[in-house]
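Below you'll find the structure, written out as structure tokens, and then a few comments.
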Amino acid sequence: MTGTLNHNGYTGSVGFSEAEEKTPDKPFKGSFNIRISPELHRALAARTKQKQKSLNAVIRDALEAACR
């Protein structure tokens, strides 16, 4: 695995080594979709108002904290 996670997101790429598979490192575009319950979506929306941040920023912060 190469790259780093910082406040702007992950920089670099993740891929398989030649020993694991013959797949080259693939850069990530930095976005993906997830499916969550309506209840979690509502709770996240409430959190955005509380923190005065965008939904994207709240989720990014949570994901960064989970990776520490």
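Observations on the model:
- Per-residue HN-Hα couplings for segment 49-61 [Karplus 6.51, -1.76, 1.60; θ = phi - 60°; Hz; x = Gly/Pro]: 5, 4, 8, 6, 10, 6, 4, 4, 5, 5, 5, 4, 4
- Taking amide H as placed 1.01 Å from N in the peptide plane, Phe28 has its amide H under 5 Å from the amide H of Val14, each at least 5 places away in sequence or on another chain.
- For Ala45, neighbours were defined as the other residues whose beta-carbon sits under 13 Å from its Cβ, and their charges (Lys and Arg +1, Asp and Glu -1) total +4.
A short reminder: the numbers here are calculations on the coordinates, not readings from a lab. Keep in mind the model is a prediction, meaning the values are calculated, not measured. Reconstructed Cβ throughout: ideal geometry from the backbone, glycine too, with neighbour counts over all protein chains shown.
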